[in-house]
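Worksheet: the structure to be examined is printed underneath.
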2 protein chains.
Amino acid sequence: VVHERGFGGASVRDIVQAAGVPQGSFTNHFASKEAFGLEVIELYYEQARQMMAATLEDRSRSPLERLRAYVDASGCRAGTAARAGCLLGNFTMEAANSEAIRTRLAEIFAETRVVIAECLSEGMAAGEIDPTLDAEEVAGFIVASLQGATALGKVEIGAAPIDRFKHVLFGQVLRPAATG
Amino acid sequence: VVHERGFGGASVRDIVQAAGVPQGSFTNHFASKEAFGLEVIELYYEQARQMMAATLEDRSRSPLERLRAYVDASGCRAGTAARAGCLLGNFTMEAANSEAIRTRLAEIFAETRVVIAECLSEGMAAGEIDPTLDAEEVAGFIVASLQGATALGKVEIGAAPIDRFKHVLFGQVLRPAATG
């Protein structure tokens, strides 16, 4: 419900109705709607973390292959969520409403940047990726642009924004020296 | 109110309270909250359109200078809105809830892509921008990535995401041949 309607758009009544539980169950389990939102974020991030381990950190593949797998999997996650987009992105849009949620999202995006930057650095060392790049900066660019492409995918209903991002990222930004 | 809380998070009660008018005024003027949302989008887009005319379409400057001015102004717009981010981005996150809003946003983003692509094409013709690029594709990439950088700016509270995007866009993607 939160994923489809956005955190602000999903009322506690909608949430308990979809769960088929009385409203009292919600107030028994969560101190506030904000506390509930933070738990939703953790559940979603756990899944994202597993996907990152299976792609960015799968050292049986080359760094550039891992990055491609990560971007594909991110697009796929956005796709299976149909028109819902990225749950973290949905929360991001409402970050102004809760300092606790904003802080947690900032941590999650920072951790994601670190994992991507590590993969980029390995690709630069391996000669697969332009070695003059600033890995931290490009990692931050990837995190933000994936969010943007996922958001536009909600509006265009399709993979076109992610495909454009992939072409530009792998064709222009990373300019692979060896694998072309 | 819509800009700060998101469309779903802003109740009609919040909106009329902020406007200092009775709830009846809202129902007299707007057939639905969706109709109100569509009017908010038009107002905001009108401002964005003026900004695009003053930057992307200001032919007293070179195409690359116009693009830089556009990206700077976009970051600035996101900044003056403080932590609210891009209003269209906020609506994007809730596009799944209204087909009318989704359709209008898709049109607006498509129109924006056309204006950016025209500027890119002029820069490619002038030798300022890598002439092998697909202007339409890169324009779509710029629209989406600006949305993503603005969204992340809400979480990081700062210009860092926009700055990363600028460095990657102008340093890597457009790879200016002449102006380096």
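Rounded if a/c is under 1.5, else prolate if a/b beats b/c, else oblate: with a ≥ b ≥ c from the C-alpha gyration tensor eigenvalues square-rooted, which is the protein assembly as shown? Oblate, since a/c reaches 1.5 and b/c is not below a/b.
Buried accessible surface for the A/B chain pair comes to about 3900 Å², total over both chains, computed with a 1.4 Å probe.
Does chain A classify as rounded, prolate or oblate by the C-alpha gyration tensor (a ≥ b ≥ c root eigenvalues; a/c under 1.5 gives rounded; else a/b over b/c gives prolate, otherwise oblate)?
On the way: a/c = 2.56, a/b = 2.10, b/c = 1.22.
Here chain A falls in the prolate category.
For chain B, the longest principal axis of the alpha carbon atoms and the long axis of helix B:63-80 meet at an angle near 30°. Say we join alpha carbon atoms closer than 10 Å with springs in a Gaussian network model of chain A; which of A:Ala139, A:Ala100, A:Ala117 then has the biggest fluctuation? So, out of A:Ala139, A:Ala100, A:Ala117, the one fluctuating most is A:Ala100.
Residues of chain A: accessible area per residue at 1.4 Å, in Å²? Intermediate values should be presented prior to the final figure.
Numbers: 7470 Å² over 180 residues.
Spelled out: the 1.4 Å probe surface of chain A, per residue, equals 42 Å².
Highest average first, the peptides A:39-50, B:22-33 ordered by how many other beta carbon atoms sit within 10 Å of their residues are A:39-50, B:22-33. In chain B, the longest principal axis of the Cα atoms and the axis of helix B:33-55 are about 30 degrees apart. Computed from phi, the 3J(HN,Hα) profile of the range A:107-114 under the Karplus parametrisation 6.51, -1.76, 1.60 (θ = phi - 60°) reads 5, 4, 5, 5, 4, 5, 4, 4 Hz, with x in place of Gly and Pro.
Carbon-plus-sulfur fraction of the accessible area of chain A, 1.4 Å probe, in percent?
Details: 3970 of 7470 Å².
Here carbon and sulfur together make up 53 percent of the probe-accessible area.
What does the structure give for B:97-104 when I average, per residue, the other chain Cβ atoms found within 10 Å of the residue Cβ? Can you show the working numbers first?
Working: counts 5, 0, 0, 0, 1, 5, 1, 1.
Partner Cβ neighbours, averaged per residue: 2.
Estimated purely from DSSP H runs of n ≥ 4, each contributing -39500 (n - 2.57), the mean residue ellipticity at 222 nm for the protein assembly as shown is -22000 deg cm²/dmol once divided by its residues. Contact residues in the range A:118-151 by the 40 Å² criterion (accessible area, 1.4 Å probe, full protein complex versus chain alone): A:Glu137, A:Phe141, A:Ala144.
Taking a ≥ b ≥ c as the square roots of the Cα gyration tensor eigenvalues, with a/c under 1.5 meaning rounded and otherwise prolate when a/b beats b/c, else oblate, which class fits the range A:95-180? Could the numbers behind the result be given before it?
On the way: a/c = 3.62, a/b = 1.36, b/c = 2.67.
Oblate.
Among A:Gly20, A:Gly148, A:Gly123, the residue with the largest mean-square fluctuation in a Gaussian network model of chain A, with springs joining Cα atoms closer than 10 Å, is A:Gly20. Averaging the Cα positions of each part gives two centres, and for the range A:6-54 and the range B:3-51 these lie 28 Å apart.
The values are calculated or read from the model by the stated rules, or taken from the named source; none is laboratory data. Note that the structure is a prediction, hence the values are computed from the model and not measured. Methodologically, a virtual Cβ is constructed for each residue, glycine included, from the backbone with ideal geometry; neighbour enumeration extends over all protein chains shown. Note: accessible area is taken over every heavy atom of the protein model, side chains too, but ligands, DNA and RNA are not part of it. Shrake-Rupley method; radii C 1.70, N 1.55, O 1.52, S 1.80 Å.
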